[in-house]
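Pasting a structure here, questions to come.
The values are calculated or read from the model by the stated rules, or taken from the named source; none is laboratory data. The shown structure was predicted, so the numbers you read here are calculated from the model rather than taken from an experiment. Every residue, glycine as well, gets a Cβ built from its backbone with ideal geometry; the counts of neighbours run over all protein chains shown.
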Amino acid sequence: MNLLGIETSCDETAAAVVEDGRTVLSSVVSSQVDLHARYGGVVPEIAGRAHIEALLPVVDEALAEAGCAAAAAADAGLPAPRALGAVAATVGPGLVGSLLVGISAAKSLALAWDVPFVGVNHLEGHLYAALLEDADLPLPAVVLLVSGGHTLLVEMTAPGSYRLLGRTADDAAGEAFDKVARFLGLGYPGGPAVERSARDGDPAAIAFPRPMRDEGLAFSFSGLKTAVVHYVRDHPDVPTPDVAASFQQAVVDVLVHKALGAARRSGARSLCLAGGVAANGPLRAATLAACDAAGLRAFLPSRSMCTDNAAMIAAAGYYRLASDGPTPLDAGAVPGLAFPVTA
Ligand code: KG4
Ligand code: ZN
């Protein structure tokens, strides 16, 4: 079955068609990053308006690329093109004004085409990056989901079956990158800016703390961010690349140490990265090296699959539809939706 997925939870407007939850037929992403850059972060009102402008062209492009002439059919009031079996959209977590744009569009298309609507948890969506790109991924897998809003360690035993192993007590890893980049004047989005600056720095120059490194599977990044601020205030002449590289090294150390510990403890066969921070080069290299040493299969998603996209939403929607059936059309956006623990 071909499923149209729609993602508008934050600052990417995305649509994709995925076959049987596994094969990506099209995946179109329109990023708003330039619109928000001058404010140093996502402005919710601007994001919502930009989704409204971008969504239908993005959906049209995704359908055309996948060979589904749905847009023309809808315009002409014709029944659903046979090619599409359901429409999924992210229902949370995210910005309410942004979520509502994708949800309303998905419900309208589902109604017009007379196919089921499926509401998808954005965090669950991120887990499917691995299965979309590596169909033979050995399960159970431990997934380190590191994005701008979330830092989670999840054990995935099968599609739809998850155990939450750890999460951040305060800032998400990506949020720490964004805040440190802003403080250092490196620009927005912060993660890539810190990574770029760090290339010219020494990761061992400053011994920043490794928060909660050896204390279970919970994370904490706000103290590290504060440590960076204090260090720079006390050492105004320190080269910025050294601060960026040392901060990045501290985050990577903690993430990889905990993810490996989680994989070992739970007996996982593979360790996957997911979410925007999974695009970070040093994190990818350290994960690969640690998995090699531990005899674990590492899965590193492609850059386009790390950041927000609708293919992952369509894949998660396929499995949700199979297990839970359609989502009622009166279901709304859930900005604070928690990760769906099932095991
Ligand atoms: O998953 P995502 O696209 O959106 C959310 O759902 O949050 O993740 C965005 C986050 C931002 O905090 C961004 O700074 C971070 O991912 N990020 C990175 C890198 N690329 C994006 N962090 C570190 N290194 C990168 N190369
Ligand atoms: Zn995300």
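When you look at Val142, is it among the β-branched types (Val, Ile, Thr), touching a strand residue (DSSP E or B) at 6+ places or on another chain (Cβ under 7 Å) and within 14 Å of ligand 2 (Cβ to nearest atom), yes or no?
For Val142, the condition - among the β-branched types (Val, Ile, Thr), touching a strand residue (DSSP E or B) at 6+ places or on another chain (Cβ under 7 Å) and within 14 Å of ligand 2 (Cβ to nearest atom) - is not met.
Exactly one of (1) surrounded by fewer than 24 Cβ atoms within 10 Å (Cβ to Cβ); (2) at positive phi is unmet by Gly94. Its number?
The number of the failed condition is (1).
Could you check, for the range 149-160, whether at least one of its residues is buried (at least 23 other Cβ atoms within 10 Å of the Cβ), within 22 Å of Tyr319 (Cβ to Cβ), within 11 Å of ligand 1 (Cβ to nearest atom) and modelled with pLDDT under 95?
no
Name the residue that is surrounded by the most Cβ atoms within 10 Å (Cβ to Cβ), counting only residues in the range 30-56 that are touching a helix residue (DSSP H, G or I) at 6+ places or on another chain (Cβ under 7 Å) and hydrophobic (A, V, I, L, M, F, W, C).
Looking at residues that are touching a helix residue (DSSP H, G or I) at 6+ places or on another chain (Cβ under 7 Å) and hydrophobic (A, V, I, L, M, F, W, C), I get Ala47.
For (1) more than 24 Å from His122 (Cβ to Cβ); (2) in contact (Cβ under 8 Å) with a residue 24 or more places away in the chain, each residue gets a yes or a no:
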position	(1), (2)
Arg199	yes, yes
Phe208	yes, yes
Met212	yes, yes
Glu215	yes, no
Leu224	yes, yes
Ser246	yes, yes
Gly261	yes, yes
Cys272	no, yes
Gly276	no, yes
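Does Phe299 fit the bill of being crowded, with 16+ Cβ neighbours inside 10 Å, farther than 20 Å from Asp134 by Cα and outside the structural domain of Val29 (by TED's automatic domain parsing)?
No.
Provide a single number: the residues in the range 204-221 that are surrounded by fewer than 18 Cβ atoms within 10 Å (Cβ to Cβ) and out of contact with any strand residue (DSSP E or B) (no Cβ under 9 Å at 6 or more places or on another chain).
Of the residues in that region, 8 qualify.
Answer yes or no as to whether Leu132 is hydrophobic (A, V, I, L, M, F, W, C) and either within 11 Å of ligand 2 (Cβ to nearest atom) or in contact with a Leu (Cβ under 7 Å, 6 or more places away or on another chain) (or both).
Considered against the rule, which asks whether it is hydrophobic (A, V, I, L, M, F, W, C) and either within 11 Å of ligand 2 (Cβ to nearest atom) or in contact with a Leu (Cβ under 7 Å, 6 or more places away or on another chain) (or both), Leu132 comes out as no.
Something else: From Val251, Val256, Val243, grab the single residue that is modelled with pLDDT of 95 or more, of a type in the set (Val, Ile, Thr) and surrounded by fewer than 24 Cβ atoms within 10 Å (Cβ to Cβ).
Going through Val251, Val256, Val243 in turn, just one is modelled with pLDDT of 95 or more, of a type in the set (Val, Ile, Thr) and surrounded by fewer than 24 Cβ atoms within 10 Å (Cβ to Cβ): Val256.
(1) at pLDDT 95 or above; (2) touching a Cys at 6+ places or on another chain (Cβ under 8 Å): which one isn't true of Pro81, the others all being true?
(1)
Which of the helices (runs of 4 or more DSSP H) contained wholly in the range 182-295 include at least 2 residues that are within 30 Å of Ile313 (Cα to Cα) and out of contact with any Asp or Glu (no Cβ under 7 Å at 6 or more places or on another chain)?
By residue number, 190-198, 240-266, 281-294.
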